[in-house]
There are 2 protein chains.
Amino acid sequence: VLCNVDELFDREEFSAAPDSGWPDCFNSGVFVFRPSLKTYNLLLRFAAEHGSFDGGDQGLLNSFFSNWATADIGKHLPFLYNLSSSAVYTYIPAFNHFGRDAKVVHFLGATKPWNYKYNLQTKRVMQDGTTSGSFHQLSFLALWWNIYSASILPLLEKLQKMEESESEECKNEVAHSVSELSIHFKPEEPSPEDERRKWEEGRMDYMGKDAFEHIKKKLDAFL
Amino acid sequence: VLCNVDELFDREEFSAAPDSGWPDCFNSGVFVFRPSLKTYNLLLRFAAEHGSFDGGDQGLLNSFFSNWATADIGKHLPFLYNLSSSAVYTYIPAFNHFGRDAKVVHFLGATKPWNYKYNLQTKRVMQDGTTSGSFHQLSFLALWWNIYSASILPLLEKLQKMEESESEECKNEVAHSVSELSIHFKPEEPSPEDERRKWEEGRMDYMGKDAFEHIKKKLDAFL
């Protein structure tokens with residue numbers, strides 16, 4: 001999120017930006033909704049009855065809010081609120097023309113900023129073999145890493161020192177949210193990288209381990 | 001064009017489908033407009049004053065009809081009226097879910113159907129080295145080649161025979177439109193393939209040979 005986006009609170013449910021892959025679907029990376037137990041339960045029922053055409057939240061939400069593409073232009077958030085960093089390369093002149101006003105950048109796809117190598121001295125992001133086939137705008141990657149190294153890394157180091165000295169009080173006080181960030185930085189899930197890639201590419205195991213009932217179980221464990 | 005699309009005549013100027021690269025722009029491959037000398041002259045003046053951010057018609061039209069993304073949902077044609085055959089692979093589950101209702105398929109990008117090899121016996125499109133990096137839906141490519149080989153190729157062969165027998169009357173009578181098709185089939189422009197690729201990728205020579213004045217000169221020569 002590159003700037004304040006409070007103006008989104010003036011939008012109605014369900015507002016979202018178009019998906020750059022299939023633009024009559026919205027991308028569910030950024031959306032405006034009204035918290036509601038009623039809608040939540042309707043969504044659960046819809047999921048149980050119809051599933052999701054992509055096996056994920058985006059397919060489900062697009063089927064549920066199915067008139068997004070045709071009903072109300074006010075519910076189309078500008079693409080700049082959910083700019084997929086790969087779309088940059090699909091239509092470079094448009095990015096050059098409109099991109100400076102980007103408000104939210106979405107690192108869409110299997111390769112995330114933390115999968116790149118970053119040189120703390122030169123402050124440059126390096127691309128190697130493992131990130132080939134991924135096309136994030138280098139300026140956005142550099143921005144992510146600058147923020148991470150300047151604002152998050154020092155907190156993580158502090159946390160690690162605290163863990164070593166085992167001062168429990170202090171630890172709980174400061175670093176709850178930071179530790180959550182670190183989950184993303186060093187993923188500890190047992191699932192291999194290519195399973196994730198499959199999921200990101202929309203080739204998930206609907207009927208097996210990625211079935212809705214398993215996802216719901218995991219959600220319930222969290223909530 | 002896969003089916004009758006007369007219902008487009010019920011739409012207002014300027015209606016178009018979103019571009020899958022930058023979905024707050026419309027793709028200018030399919031659009032509804034009202035023929036008007038006034039609009040034509042306004043467009044010429046706009047082009048002379050502001051140019052086109054992508055050096056082509058799409059950038060110009062998007063700047064001219066600049067409220068398309070925000071003003072009127074009725075002017076958003078469904079993506080199925082301008083389905084870019086490469087978008088298919090960006091969000092496969094959406095294509096699987098919605099793609100069967102495709103009305104117009106757009107072979108977007110540098111590699112066109114006639115750049116593929118086609119086996120007339122097996123009726124299959126073959127991909128080789130020259131078409132790598134291109135991701136057209138094979139079923140759409142096969143459809144194009146089936147139509148071409150069944151309906152166009154026999155006319156071309158007839159034309160060639162007529163040319164050999166030099167019966168001028170008969171030739172003029174039948175084959176004006178067919179000969180135009182053949183231009184596309186065997187491109188005779190002196191410009192090399194990579195120049196075209198650059199153009200398609202949005203990296204054109206705005207200031208030099210691709211400058212608007214040169215394009216206008218060419219247009220004037222045609223009109």
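The values are calculated or read from the model by the stated rules, or taken from the named source; none is laboratory data. These numbers come from a predicted model, not from an experiment. Cβ coordinates were reconstructed from backbone atoms using ideal geometry, including for glycine residues, and neighbour counts include every protein chain displayed. Side chains are part of the model used for accessible areas, which takes the heavy atoms of the whole protein and leaves out ligands, DNA and RNA. Shrake-Rupley method; radii C 1.70, N 1.55, O 1.52, S 1.80 Å.
Taking residue A:102 and the conditions (1) more than 10 Å from chain B (Cβ to nearest Cβ); (2) surrounded by fewer than 17 Cβ atoms within 10 Å (Cβ to Cβ), which numbered condition does it fall short on, given that it satisfies the others?
Unmet for residue A:102, out of (1) more than 10 Å from chain B (Cβ to nearest Cβ); (2) surrounded by fewer than 17 Cβ atoms within 10 Å (Cβ to Cβ): (2).
Based on what the data block shows, is residue B:54 modelled with pLDDT of 95 or more and within 11 Å of another protein chain (Cβ to nearest Cβ)?
Numbers: modelled with pLDDT of 95 or more: yes; within 11 Å of another protein chain (Cβ to nearest Cβ): yes.
For residue B:54, the condition - modelled with pLDDT of 95 or more and within 11 Å of another protein chain (Cβ to nearest Cβ) - is met.
Looking at B:86, B:63, can you tell me which residue is of a type in the set (S, T, N, Q), in contact with a Leu (Cβ under 8 Å, 6 or more places away or on another chain) and more than 7 Å from chain A (Cβ to nearest Cβ)?
Answer to the selection: B:86.
For residue B:61, only one of the following conditions fails: (1) surrounded by fewer than 20 Cβ atoms within 10 Å (Cβ to Cβ); (2) at negative phi. What is its number?
(1)
Among the residues of the stretch B:14-31, is there at least one that is open to solvent by 70 Å² or more (accessible area, probe 1.4 Å) and either closer than 20 Å to residue B:106 by Cα or not charged (D, E, K, R) (or both)?
yes
Examine the stretch A:27-38 for a residue that is modelled with pLDDT of 95 or more and within 22 Å of residue B:77 (Cβ to Cβ), and state whether such a residue exists. So that I can check it myself, show each step before the final result.
Here is the first cut: in the stretch A:27-38, the ones modelled with pLDDT of 95 or more are A:27-38.
So of that shortlist, the ones also within 22 Å of residue B:77 (Cβ to Cβ) come out as A:27.
Yes, some residue in the stretch A:27-38 is modelled with pLDDT of 95 or more and within 22 Å of residue B:77 (Cβ to Cβ).
Name the pairs: first residue in the stretch A:75-94 and more than 10 Å from residue B:22 (Cα to Cα) and buried (at least 23 other Cβ atoms within 10 Å of the Cβ), second residue modelled with pLDDT of 95 or more and of a type in the set (S, T, N, Q), Cβ to Cβ under 7 Å, at least 6 apart or on different chains?
These pairs meet every condition: A:77/A:15; A:82/A:27.
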